[in-house]
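What follows is calculated from the coordinates using simple rules that are stated; it is not laboratory data. Please read all numbers here as calculations on a predicted model, not as lab measurements. Cβ atoms come from the backbone with ideal geometry, glycine included; neighbour counts cover every protein chain shown.
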Amino acid sequence: MTFPRSFVWGAATAAHQIEGSPFADGAGPSIWTRFSRTPGRMTNGDTGDVACDHYHRYRDDVALMKSLGLGAYRFSISWSRLFPNGTGELNPHGVDFYRRLVDALREAGIRPMATLYHWDLPAALDDRGGWLNRDVADWFADYASAAFRALDDGVEWWATLNEPWVVTDGGYLHGGLAPGHSNLFEAPIASHNLLRAHGRAVQAYRALGKHAIGIVVNLEPKVPASNSDADLDATRRADAYMNRQYLDPMFRRAYPEEMPDLFGAAWPQFPVADFDEIAAPVDFVGINYYKRGMTRRDPHQWVERASLVRVPGSIYTETDWEVHAPALTDLLLWFRERYGAMPVYITENGAAFYDPPAAFADVVEDPLRVHYLREHLAALGRALDAGVDVRGYFVWSLLDNLEWSHGYTKRFGIVHVDFATQKRTMKRSALVYRDFIASLK
Ligand code: FCB
């Protein structure tokens, strides 16, 4: 398996999942600070108030990355640290935190990839309709422009949105994620405004004359559970909903033809001119890959009328996700086939398995995660051998962290975190990753 020397090896995190101190230095609340304070929303009533305390420990965490030989780090910027009310006055103390982080990364020789939106919308903007308000595209473009001005000299790559599908499916259709709505009519509007906001931020970035901005989507290859017409149709619907809903408008200027059938009367007519914004050319696409989706017809499952079946003999993670590395290769080939050759980064890939809350040795043994990592690196290598233009890989995640509404119960880190003491301990997977990266030098 041959990776070019220029291949980027990194790890990924997100602000709300690791930083803690949500109100420090004048920051405003986000929809996640609000959601996690709503009874019944979070497992064990967990919040992001402390998380990995990365807000205070970022220097140590950068040192940890350096000790692993990472060449890049993907993190996200919390909008409400920069703009406590979402719009208006820039909070210089919020900028300072990311300035210090980016400088520390640069000093350590680690190239920063910054995501502008990893799910933590300022609560003040949610009060004005959030992603349902068409003005959100302006709000986001203004925020993005301020972030570019403040940090672009240190940030190597920008990603506009993280996983718009999850934002709307979890936040507006099924309600398990912030802001917790469950409304068939809202979901397509939120999706469309996310895409418009993305396009507007890309356009704002172009004004700087630079070429390192993209979007991050989560893709899950859908495979029919049988050859019946019912399952084949269900697979097509599930694929349109999850995999093509965001990429088609960006690269083909139209939503997948299945969408009106999925949403029925809730599917709006969108202004044609919007697609000019949405299709603003990007420099790369970030793909988050976790699992394959073995699919069957299920009339009760909104909106795709499809659900997943368990595959006998497969390993499942703690989040009940099927481990299936070959689908990563297939996915990358499919992506190139449908959307054309372009630079791609695997911006997230990883697995939650049971690890003990406290570490009793210098290394936490995590054989299943080691297996997951090895298999997926091999699958990635096969995509490169087939000529797919993959430029980098970011493991999810550097640290065990707040797994959204699951709280601290799902550990995705290659580094173990004891949440009672904040002690970091390497897991075997981190050492395997470190040695793998070193072996390519
Ligand atoms: C992805 C999210 C990321 C993390 C992983 C496990 O959907 O982007 O923040 O929660 O799943």
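Summary of computed values
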item: Cα-Cα P(r), the range 74-158, percent of pairs per 5 Å interval; result: 3, 15, 27, 25, 15, 9, 4, 2, 0
item: HN-Hα J in Hz across the range 333-338 - Karplus 6.51, -1.76, 1.60, θ = phi - 60°, x for Gly and Pro; result: 5, 4, 4, 5, 4, 7
item: Beta bridge orientation in the range 8-439: antiparallel %, DSSP, nearest 5; result: 20
item: Stokes-Einstein D (µm²/s) once Rh is taken as the Kirkwood radius of the chain over alpha-carbon pairs, at 25 °C in 0.890 mPa s; result: 112
item: Charge dipole (debye, nearest 20) of the range 17-94; +1 at Cβ of Lys and Arg, -1 at Cβ of Asp and Glu; result: 180
item: Over the range 187-296: Kirkwood hydrodynamic radius from C-alpha pairwise inverse distances, Å; result: 15.2
item: Calculated FRET value between residue 85 and residue 273, using beta carbons and R₀ = 22 Å, to 0.05; result: 0.15
item: Cut-off under 5 Å, modelled amide H: who pairs with residue 86 long-range; result: none
item: Measure of compaction for the range 348-396 (Cα Rg per 2.2 N^0.38 Å); result: 1.45
item: Per-residue HN-Hα couplings for the range 118-131 [Karplus 6.51, -1.76, 1.60; θ = phi - 60°; Hz; x = Gly/Pro]; result: 10, 5, 9, 4, x, 4, 4, 7, 4, 5, 9, x, x, 5
item: Note, ³J(HN,Hα) from phi for the range 193-205, Karplus 6.51, -1.76, 1.60, rounded to Hz, x at Gly and Pro; result: 5, 4, 5, 4, 4, 4, x, 5, 5, 4, 4, 4, 5
item: Principal semi-axes in Å for the range 254-302 [√(5λ), Cα gyration tensor, largest first]; result: 26, 22, 7
item: Percentage of interatomic Cα-Cα distances in the range 328-375 larger than 15 Å; result: 61
item: Set 66/210; 291/427; 66/222; 66/423 screened for pairs whose C-alpha atoms are more than 29 Å apart; result: 66/222
item: Whole-number D in µm² s⁻¹ for the range 120-242, Kirkwood Cα-pair radius fed into Stokes-Einstein, 37 °C, 0.692 mPa s; result: 205
item: Share of alpha-carbon pairs per 5 Å distance bin for the range 301-382, given as whole %; result: 3, 11, 17, 18, 17, 15, 10, 4, 3, 1
item: Structure-based [θ]222 nm, the chain - -39500 (n - 2.57) summed over DSSP H runs of at least 4, per residue, nearest 500; result: -10500 deg cm²/dmol
item: Residues with amide H under 5 Å from that of residue 401, placed H, sequence gap 5 or more; result: 412, 413
item: Amide H within-cut-off set for residue 391, under 5 Å, with H built and near neighbours excluded; result: 344, 345, 346
item: Kirkwood Rh and Cα Rg combined as Rg over Rh, evaluated for the range 1-125; result: 1.02
item: Alpha carbon Rg of the range 295-441, scaled by the compact-globule rule 2.2 N^0.38 Å; result: 1.18
item: Alpha-carbon Debye profile of the range 249-341, log10 I(q)/I(0) at 0.15, 0.26 Å⁻¹; result: -0.89, -1.25
item: Shape box of the range 378-441 [Cα atoms, principal axes, largest first, Å]; result: 45, 27, 15
item: Dipole magnitude (debye, nearest 20) for the range 8-439, charges at Cβ of Lys, Arg, Asp, Glu; result: 480
item: Charge dipole (the range 1-101, unit charges on Cβ, about Cα centre) - positive-most of 31, 73, 16; result: 73
